[in-house]
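Notes follow once the structure below has been shown.
Read-outs: derived from the displayed coordinates by stated rules, not from any lab. Computed from a predicted model, the values in this text were never measured in an experiment. Cβ coordinates were reconstructed from backbone atoms using ideal geometry, including for glycine residues, and neighbour counts include every protein chain displayed.
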Amino acid sequence: MRPRPSLPDLLVLPLVLTAAACAWLLHAQAWDLGGRSPVLNYDTAQYAIAARELAWHGHLATPYALPVDLVRQGAPPWPLSAVQPGLVLFEALVFKIVPARGATAGSDPRAWLTLILPFCCFLMLAASLALAVRHLFARWWPEAPLRARAGAALVVGLCFALDPEAQHFAVGGFTELPFTLGLLFGFLGLALEAPVAIPLAFGVVLGLTGLFRANMLALAPVFALAAAACVPAPRRLRTAALVLAGFALPLLPWWFYKWRAFGSPSWDITRFVLWDGVQGRTWFSLYHQALLPDVPHGAEAAGLLAAKVLHNLPTLGSEMLSGPRGLWVGGLVGWLAIGRPPRPLAAAGWTVFAAAVLGVLGAAASIPWLRYLFPTRVLLEPAGMLALWALVEGIPPATLGVAARRTVLVATAVLALAWGGWCTARGLDEARATSHERGVPSTNSITAISIALSGELTPGEPLMSNLGPSLAWQTNHPVIHLALTPDDVEACRRRLDFRHVVLVVRDGQRAWAGWNEIVEREGFSRTLPRLGAVDERRYHTSDGFTVVWLVLGPLGPSLASNVGR
């Protein structure tokens, strides 16, 4: 059933890969990656330092902690409470293969190695989407004209390469692209009837995908139901059970690790983001105190969360439908409702739509950032394009002639590419502007700070800083993220004593409330008795950041009564 590749088929893949590589390079240059923008930022550095810990010492742990992590364990290294293991395991393997320079401070060029997986996944997603179109045509429309098959594959692949958010996730060690690639394999597997022949292996693919993002746990039952819908009725229960069993297999060691480290296989501090924006809480206040957040329960909690979701849904929903995206979503829903697709295609289409809905609801319930919509949004769009084209092709010739049908198909393809080109141009402009104003200093500045610190700190001595995991990567010292206010430092020190606090901000107005006066007023830190600062050093970096280095005095027994629970 696989058509013999023609010249256009052979040209699609190199064209898509070349376009994706060029888009990646332009985005990296716009960010000035490795210069104004460090290769490792707050999110990506968390995975890199955990991977390095695994490569060097052979255990899943991290030298970076949020203040809330100190409640469970005071001494470093800390168990992984906020990251999934997939990217950590891959980067640890890379760090094991590439020799380390040693545990010294300064710029570690191995940070660039964290880009291997996201860059490869970016290219693979663009290429896989183009190849997926070929496979779908071969299975469900083998008589399709060559220009339709090759044209659809080229447009779908190029549209992904032109997505600026995909380009952004490809220039950092994020988990979004590996997770999205696994989702694509899941959707394509449903469309090509993989659960019919290999339900257990299909489930294993879903489980490997779940190693990169925890929200796969909510999507696994949807995939299991869709897989069951693809088989005859007597085999549905068995198929769903095998899919779920396969999903659990790769995750069982991780769940066991969570149970050993935290007492529960489902423990994850990211659960607290549900309360961001509720009753005055923020994710800063939830994570940056050495105590577990006191959150509502029962009916009160359900009512508050429902109100939060309803408040955030309009903004997130409008983003999913902005530009031609509403056309793609409408095409998918219309095709599923009136197009009468074959059962495997219908199962795949409804799963794509359900995953997108769950993604919007999940983002609305946590922190309503658009990045949380990316994995499902970026796959909903090509599915919607293909569904819209299928709807147009299904219109009777008496209603829509051949020439008119061709015009509509070409017009939608041109619209998709034009939208992608416009979004890419806008994304490059935003990247250039943001790289000059971002709140993280350049690679050279972080390197200079880490060298200065390591010249005074003893080996393995912990410190506190708002640079968090980025500084932990550079200094090879345990780092606790900055406490919510200076008054909260004492409770953190009762869990793990440290003597140095390093603030690095562009200006005092960007510092957190309570810390801004320390940045703006020299010597103010010594007037705060609960902070206990005995020395204050400050200087400015070449890229315009203010560094305030506080040295704290010994903890006195009289402060013990102020420790948080």
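For the reader, a short list of remarks on this structure follows.
- A Förster radius of 30 Å, combined with the Cβ-Cβ distance separating residue 526 from residue 42, puts the computed FRET efficiency at roughly 0.55.
- Percent of beta bridges antiparallel (DSSP, the chain, rounded to nearest 5): 65 percent
- Separation of alpha-carbon centers, region 18-49 and region 247-321, rounded to whole Å: 28 Å
- Convex hull of the chain built on C-alpha atoms - directionally averaged projected area, nm²: 27.8 nm²
- Additional length obtainable on full extension of the chain from residue 21 to residue 319, 0.36 nm per residue less Cα span: 104.6 nm
- Environment charge at residue 518 (Cβ cut-off 14 Å; Lys +1, Arg +1, Asp -1, Glu -1): -2
- Cut-off under 5 Å, modelled amide H: who pairs with residue 212 long-range: 86
- What separates the Cα centres of region 146-187 and region 503-523 is a distance of 41 Å.
- Placing a label point 7 Å from the Cα of residue 268 along the Cα-to-Cβ direction, the residues of region 182-199 whose backbone N falls under 16 Å from that point are 182-183.
- Karplus-derived 3J(HN,Hα), 6.51/-1.76/1.60, for each residue of region 540-555, Hz, glycine and proline x: 10, 7, 5, 9, x, 9, 9, 10, 10, 10, 9, 9, 9, x, x, 6
- Helical content alone sets the calculated 222 nm signal of the chain at -19000 deg cm²/dmol, taking -39,500 (n - 2.57) per DSSP H segment of four or more residues and averaging over every residue.
- Separation of the residue 369 and residue 307 label points, Cα + 7 Å toward Cβ, nm: 2.6 nm
- As a proxy for reagent exposure, ranking 392, 98, 505, 88 by other Cβ atoms within 10 Å from fewest up yields 98, 392, 505, 88.
- Region 22-115: C-alpha gyration tensor shape, a/c 1.5 cut-off, then a/b vs b/c: prolate
- Sorting the segments 54-64, 372-382 by their mean number of nearby beta carbons within 10 angstrom, highest to lowest, gives 372-382, 54-64.
- Between residue 255 and residue 406, the C-beta separation translates, for a Förster distance of 41 Å, into a calculated FRET efficiency of about 0.20.
- The distance linking region 434-462 with region 525-560 is 16 Å (Cα centroid to Cα centroid, whole angstrom).
- Backbone phi angles across region 91-98, fed through the Karplus curve with coefficients 6.51, -1.76 and 1.60 (θ = phi - 60°), yield HN-Hα couplings of 5, 4, 4, 5, 5, 6, 6, 8 Hz in residue order; Gly and Pro are listed as x.
- Stokes-Einstein, applied to the Kirkwood radius of region 310-362 over Cα pairs at a viscosity of 1.002 mPa s and 20 °C, places its translational diffusion at 180 µm² s⁻¹.
- Simple spin-label estimate for residue 135 and residue 435 in nanometres, 7 Å along Cα-Cβ: 3.6 nm
- Straightening the chain between residue 414 and residue 75 buys 116.3 nm, computed as 0.36 nm per residue apart minus the Cα-Cα spacing.
- Taking θ as phi - 60° and the Karplus parameters 6.51, -1.76 and 1.60, the scalar couplings of region 325-342 work out to 4, x, 5, 5, 4, x, x, 5, 5, x, 5, 5, 7, 10, x, 6, x, x Hz in sequence order, x denoting glycine and proline.
- For residue 59, the shell of other residues with beta-carbons less than 14 Å away shows a net charge of +2, using +1 for Lys and Arg and -1 for Asp and Glu.
- Per-pair calculated FRET efficiency, R0 = 56 Å: residue 399 and residue 112 via Cβ, rounded to 0.05: 0.50
- When the charge dipole of the chain is built from unit charges on Cβ atoms (+1 for Lys and Arg, -1 for Asp and Glu) and taken about the Cα centre, the candidate among 164, 124, 462 whose Cα reaches farthest toward its positive end is 124.
- Ranked for footprinting exposure by Cβ neighbours inside 10 Å, fewest first, 464, 320 give 320, 464.
- Using only the C-alpha atoms, the convex hull of region 327-475 corresponds to 157 Å³ per residue.
- When the P(r) of region 443-562 is calculated, the portion above 19 Å amounts to 43% of the C-alpha pairs.
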